[in-house]
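Novice: My questions all concern the structure below.
The values are calculated or read from the model by the stated rules, or taken from the named source; none is laboratory data. Keep in mind that what you see is a predicted model, and the values were worked out from it rather than measured. Using ideal geometry, Cβ is built from the backbone for each residue, glycine included, and neighbour counts are taken over all protein chains shown. For accessibility, only protein heavy atoms count, side chains too; no ligands or nucleic acids. Shrake-Rupley method; radii C 1.70, N 1.55, O 1.52, S 1.80 Å.
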Amino acid sequence: MNSNVHIFEHPLIKHKISMLRDKNTGTNEFRRLIEEIAMLMGYEALRDLPLMDVEIETPIETCMAPMIAGRKLAIVPILRAGLGMVGGLLALTPTAKVGHIGMYRDEETHEPQEYYCKLPNPIEERTIIVTDPMLATGGSAVDAINQIKAHGGRNIKFMAIIAAPEGLKKLSEAHPDVQIYVGQLDRCLNENAYICPGLGDAGDRIFGTK
Ligand code: PRP
Ligand code: URA
């Protein structure tokens, strides 16, 4: 596995992903779990945020204490399902800007079709976290990151809750500079390019559509 790929082993993340997979988990709980998992994964994915010492006056004395330095963050969900992860990351980093990339998979070819792109401007100096719960063939993630790079984005991380080996390979080969965070690596894709065992259609389960 490439060194830019991080797969989580934490029991809390494993437990919550198992609850997501359950077809009896309803929309309300599904949304809450997606947010919680995104927050837990974000805690790890942001461990390299730069710090700077600032002067703080405690009730006892003045000291120098570490706080997050200037590097700005942008969260970029891939619509629709990536939206479900934004709240969990904003709980950690409330001042982050949020961009959006709209993609849907063609039902026949499974190729991604882009329909929207709006990113914080300027994007160049920001650390960018792209979110999508599902990394299946990898087509949507690769295209979304191509688009972000075309707008000048450089320091990019990608977070997926469940990945198929096929998509993880495609993404890490297409964008070896991108740090990839995956909650759980599943077995394979089926003939409809759905992840097995997966959790079904993430967008439909988050938004209650079908
Ligand atoms: C899902 C998912 C990813 C994409 C993954 O979105 O949220 O964006 O499929 O598949 P890939 O790795 O094979 O590209 P979908 O196209 O169903 O759109 P939606 O989120 O609007 O439902
Ligand atoms: N998109 C999903 O929502 N689920 C999958 O298993 C594959 C793509």
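Novice: Once phi is turned into θ = phi - 60°, what whole-Hz ³J(HN,Hα) does the Karplus curve with 6.51, -1.76 and 1.60 give for every residue of segment 182-187, x standing for Gly and Pro?
Specialist: In residue order, the calculated couplings are 10, x, 8, 9, 8, 6 Hz.
Novice: While we're on this one: If you stretched the chain out fully between Asn146 and Lys118, how much longer would it get, using 0.36 nm times the residue separation minus the C-alpha to C-alpha distance? Walk me through the numbers on the way to the answer.
Specialist: Values: separation 28, 0.36 × 28 = 10.08 nm, distance 1.38 nm.
Full extension from Asn146 to Lys118 adds 8.7 nm.
Novice: A follow-up question, please. Averaged per residue, what accessible surface does segment 108-204 expose to a 1.4 Å probe, in Å²? Working shown, then result.
Specialist: Numbers: 4050 Å² over 97 residues.
Accessible surface, normalised per residue, equals 42 Å².
Novice: Throw me the Rg/Rh for segment 9-166, computed over C-alpha atoms with Kirkwood Rh, two decimals. Please report the intermediate quantities before stating the final value.
Specialist: Numbers: Rg = 17.7 Å, Rh = 17.0 Å.
Reported Rg/Rh, Kirkwood definition of Rh: 1.04.
Novice: Label Asn28 and His110 with points 7 Å out from Cα along Cα→Cβ: what is the distance between them in nm?
Specialist: Going from the Asn28 label point to the His110 one covers 3.6 nm.
Novice: Which value, in debye to the nearest 20, gives the size of the charge dipole of segment 55-171 about its Cα centre, when Lys and Arg are +1 and Asp and Glu are -1 at the Cβ?
Specialist: Working: 12 positive and 13 negative charges, 30 e Å.
In total the dipole reaches around 140 debye.
Novice: Now, a different point. When the accessible area of the chain is split by element with a 1.4 Å probe, what percent falls to carbon and sulfur? List each step's numbers first, then the result.
Specialist: Numbers: 5720 of 10980 Å².
Carbon with sulfur: 52 percent of the solvent-accessible area.
Novice: About its Cα centre, what dipole magnitude does the chain give when the only charges are +1 on Lys and Arg Cβ and -1 on Asp and Glu Cβ, stated in debye to the nearest 20? Don't skip to the answer; put the middle values down first.
Specialist: Numbers: 22 positive and 27 negative charges, 51 e Å.
With only Lys, Arg, Asp and Glu charged at Cβ, the dipole is about 240 debye.
Novice: Determine the order of Tyr194, Tyr181, Tyr43 by accessible area, beginning with the largest, at a probe radius of 1.4 Å.
Specialist: Numbers: Tyr194 85, Tyr181 15, Tyr43 175 Å².
My answer, sorted largest first, is Tyr43, Tyr194, Tyr181.
Novice: Just want the answer: with Cβ charges of +1 for Lys and Arg and -1 for Asp and Glu, which residue in Asn190, Ile145, Ile78 is farthest toward the dipole's positive end in the chain?
Specialist: Asn190
Novice: Under unit Cβ charges (Lys, Arg +1; Asp, Glu -1), what dipole magnitude, rounded to 20 debye, does segment 89-134 have relative to its Cα centre? Write down the numbers at each step before the final one.
Specialist: Working: 4 positive and 8 negative charges, 82 e Å.
For this selection, approximately 400 debye.
Novice: Could I ask something else about it? Of the listed pairs Lys72/Lys170; Lys97/Lys170; Lys23/Lys210; Lys149/Lys210, which have alpha-carbon separations greater than 21 Å here? Don't skip to the answer; put the middle values down first.
Specialist: Working: Lys72/Lys170 28 Å; Lys97/Lys170 28 Å; Lys23/Lys210 14 Å; Lys149/Lys210 33 Å.
Over 21 Å apart, Cα to Cα: Lys72/Lys170; Lys97/Lys170; Lys149/Lys210.
Novice: Work out the charge dipole of segment 21-148 with +1 on the Cβ of Lys and Arg and -1 on the Cβ of Asp and Glu about the Cα centre, then indicate which of Thr27, His100, Ile123 is farthest towards its positive end.
Specialist: Looking along the dipole axis, the top candidate is Thr27.
Novice: For segment 37-103 and segment 141-203, what is the centre-to-centre distance using only Cα atoms, to the nearest Å?
Specialist: A separation of 21 Å, based on Cα centres.
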